[in-house]
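Have a look at the structure below, then the notes.
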Amino acid sequence: MLDIIEKYPILGAFGMTIYLTFFSAIGALVIGTILAVMRVSPVGVLRRLGSFYVNTVRNTPLTLILVLCSLGLLYILEINLADPKSPTSIVDNNIRWAIVGLAVYHAAFVCEALRSGVNTVPTGQAEAARSIGLTFGQSLREVILPQAFRGAIAPLGSVLIALTKNTTVASIIGVSEASGLMKEIIENETGGLPVFFVFALGFVILTLPVGVFFTSLSRRLAVKR
Amino acid sequence: MDELKPDQVDPSEDSSRPREPMVVIEGVNKHFGDLHVLRDINLTVGKGEVVVILGPSGSGKSTLCRAINRLETVESGTIAVDGNPLPEEGKPLAQLRADVGMVFQSFNLFAHKTIRDNVTLGPIKVRKKSKDEANALADRLLERVGVAEQAEKFPAQLSGGQQQRVAIARSLAMGPKVMLFDEPTSALDPEMVNEVLDVMVGLAKEGMTMIVVTHEMGFARKAADRVVFMADGQVVEVATPDEFFTNPRSDRAKDFLGKILTH
Ligand SMILES: Nc1ncnc2c1ncn2[C@@H]1O[C@H](COP(=O)(O)OP(=O)(O)O)[C@@H](O)[C@H]1O
Ligand SMILES: [Mg+2]
């Protein structure tokens, strides 16, 4: 068992998991916030576009989205996100497209978490903001969103945990993150079953603190009403 | 506040002269679904005038109040504030709202901001005052409504009466031309009602134009120039407080007064 752990770059594979999680989380947060703003905006077209995005993406399997990114956008449409002449072009492209796919997918869930946060803000406060002459954008920035984010911390934590685990899907488009390596080890080595538990433990070690952190953060930052 | 130019005469000083109009409501109608909540409302409120709106629950008082700063849209008729018809939306509407203060039944302070920041938000973002200027203004106004010691606290740490006085300070910080109050004391414990009414009476004495929906008859008698009685979406009666309370003309008003004055 120990020799297996020494033979394979297990830490490196989890490093890739963290790398994918980190960058797709940032992407998902940005896209998700924009979507949430669209969904609460007074402009009907934006509201409909926002809900169309959420309903479509949320109901599409992540595997399909990543395959679309890799086969469809990268190989068929040849949209490169990395310099095609570089020696690591294939690997880099796969990683970057995986981040895009993960971000696009989880943005839908970030949007819904934020919307539940917006719902924790009493409508009276939005009216008070408007009646002192704040524009829609200003009331959103100054009054609604700061409280919405605090109200959404716990559900955002759940999205981050799901995202961490969902990075495993990236292995199907050739990104060598933790689960990909696990599959490789189990296939190559005899008695590889304990390997499964090592990797499972790895994910628990990654996600458990996230859950604890977000729960305590949400308690600390909760807006007193 | 700083709106009064030296060459203008404060019209409230001479009650025999007709006041210049501040809020003019003409032929306003509104439905909620099948419900006709505002039926052909006509009402002019003069500069410096204090108008109390009375009427049974559901008669459209809140809707009328909210229509004056376009928190509710109307279907027909016009509403003008200081000679300007209400803009439809966007920046011009935001600018008009900055000139119309609104105090709600449920205070609606910004829960994530300190008391001082609640008051300075509008002056900084809308009036483009510097932070120092806005803080000085806020401290002056909080002093005036008697909550200066609470400036660093958050709304949830204050009593209802204190929160409502902060809400008044927040509106005053914009230097409004007119203030709307929608049942400002209805959500308060009885012992806190007077601290809020006292602030409002003070404002009225200083010549603020005020439209106040309230069931506080004491306030109406003490501060109102006119009482407007509404029922079923209509203005049924307009009179001085004295006339209205001692000699109501309509049966609806007699009935209403009978109900609220007996307890
Ligand atoms: N947003 C709304 N949607 C539907 N009906 C409403 C809404 N707001 C108020 N109403 C109805 O309009 C009528 C007048 O309401 P309101 O102006 O709040 O009366 P008041 O303030 O005099 O009690 C009531 O019957 C109320 O139920
Ligand atoms: Mg009401």
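The values are calculated or read from the model by the stated rules, or taken from the named source; none is laboratory data. Quick caveat, the model's predicted, so the values are computed rather than measured. Cβ: placed from backbone, ideal geometry, glycine included. Neighbour counts: every protein chain shown. Note: areas computed on protein heavy atoms with side chains; ligands, DNA, RNA excluded. Shrake-Rupley method; radii C 1.70, N 1.55, O 1.52, S 1.80 Å.
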Quick one: how many Å² of B:His36 are accessible to a 1.4 Å probe, rounded to 10? 50
Check cross-link reach from A:Lys7 to the lysines: straight Cα distance under 26 Å, and skip same-chain residues fewer than eight apart. A:Lys165, A:Lys183
Cleavage-rule hits, GluC sites (Glu not before Pro), segment B:156-225, DSSP coil, Cβ neighbours within 10 Å at most 11: B:Glu206
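For A:Ala162 and A:Lys85, what does the FRET efficiency come to when R0 = 56 Å and r is the distance between their Cβ atoms, rounded to the nearest 0.05? Intermediate values should be presented prior to the final figure.
Working: r = 36 Å, r/R0 = 0.65.
Working from the Cβ atoms, E equals 0.95.
When all alpha-carbon pairs of segment A:1-66 are counted, what percent fall beyond 19 Å?
Values: 1178 of 2145 pairs.
Percentage above 19 Å: 55.
Is the shape of segment B:164-263 rounded, prolate or oblate, going by the alpha carbon gyration tensor and its root eigenvalues a ≥ b ≥ c, with a/c under 1.5 for rounded and a/b larger than b/c for prolate?
Working: a/c = 2.07, a/b = 1.61, b/c = 1.29.
Since a/c reaches 1.5 and a/b is larger than b/c, the shape of segment B:164-263 is classed as prolate.
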Using bins 5 angstrom wide from zero, how does P(r) for segment A:2-220 break down, in % of all Cα pairs? 1, 7, 12, 15, 16, 14, 12, 9, 6, 4, 2, 1, 1, 0, 0
Using θ = phi - 60° and Karplus 6.51 cos²θ - 1.76 cosθ + 1.60, couplings along segment A:156-168 (whole Hz; Gly, Pro as x): 5, x, 5, 5, 5, 5, 4, 4, 4, 6, 6, 4, 4
Just the Kirkwood number for chain B, please: inverse of mean 1/r across all distinct Cα pairs, in Å, one decimal. 19.1
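Would you please classify the overall shape of segment A:129-225 from the alpha carbon gyration tensor, given that a ≥ b ≥ c denote the square roots of the eigenvalues, rounded means a/c under 1.5, and beyond that prolate means a/b larger than b/c while oblate covers the rest?
On the way: a/c = 7.85, a/b = 2.68, b/c = 2.93.
In terms of gyration-tensor shape, oblate.
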List the aspartates and glutamates whose Cα sits under 16 Å from the Cα of B:Lys153, skipping any in the same chain fewer than 8 residues away. B:Asp117, B:Asp139, B:Glu143
Which ³J(HN,Hα) values in Hz, rounded to whole numbers, follow from the phi angles of segment A:117-131 under the Karplus curve 6.51 cos²θ - 1.76 cosθ + 1.60, where θ = phi - 60° and Gly and Pro get x? x, 4, 5, 7, 8, x, 4, x, 5, 5, 5, 5, 4, 5, 7
log10 of Debye I(q)/I(0), alpha-carbon scatterers only, for the protein assembly as shown at 0.07, 0.10 Å⁻¹: -0.53, -0.83
Would you check the accessible area of B:Glu20, probe 1.4 Å, heavy atoms only, in square angstrom rounded to 10? 100
Please report how far the C-alpha centroid of segment B:73-152 lies from that of segment A:182-225, rounded to the nearest whole angstrom. 48
Within segment A:163-179, list the residues whose amide N lies under 15 Å from a label point set 7 Å along Cα→Cβ of A:Phe22. A:164
Going by amide H atoms built from the backbone, whose H comes under 5 Å of the H on B:Ile53, apart from near neighbours? B:Val212, B:Val213, B:Thr214, B:Val228
Label point 7 Å beyond Cα of B:Thr73 along Cβ direction - residues of segment B:19-49 with amide nitrogen under 15 Å: B:29-33
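I'd like the projected area of segment B:79-192, averaged over all directions, using the convex hull of its alpha carbons. Report it in nm² with one decimal. The partial results should precede the final answer.
Numbers: hull surface 30.0 nm².
The orientation-averaged projected area of the Cα hull of segment B:79-192 comes to 7.5 nm².
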Computed FRET value (nearest 0.05) for B:Thr44 with A:Leu221, which takes r as the C-beta separation and R₀ as 56 Å: 0.70
XL table B:Lys47/B:Lys205; B:Lys61/B:Lys91; B:Lys30/B:Lys259; A:Lys224/B:Lys125; Cα-Cα > 20 Å flagged, in table order, is B:Lys61/B:Lys91; B:Lys30/B:Lys259; A:Lys224/B:Lys125
To the nearest 10 Å², what's A:Glu127's accessible area with a 1.4 Å probe? 30
Sorted by chain and then number, the residues having a modelled amide H within less than 5 Å of the amide H of B:Val236, at least 5 places away or on another chain, are B:Phe229, B:Met230, B:Ala231
Computed ³J(HN,Hα) along segment A:139-153: with the Karplus parameters 6.51/-1.76/1.60, θ = phi - 60°, integer Hz and x for glycine or proline, the list is 5, 5, 5, 8, 10, 6, 4, x, 6, 5, 4, 5, x, 9, 4
Would you please give the residues with an amide H less than 5 Å from that of B:Thr209, counting only those at least 5 places away or on a separate chain, with H modeled from the backbone geometry? B:Gly48, B:Met179
Give me the percent of DSSP beta bridges within chain B that run antiparallel, rounded to the nearest 5. 55
In Å and from the alpha-carbon atoms only, list the Rg and Dmax of segment A:104-184. 18.4, 62
Calculated FRET efficiency, A:Glu78 and B:Lys91, Cβ-Cβ r, R0 45 Å, to nearest 0.05? 0.50
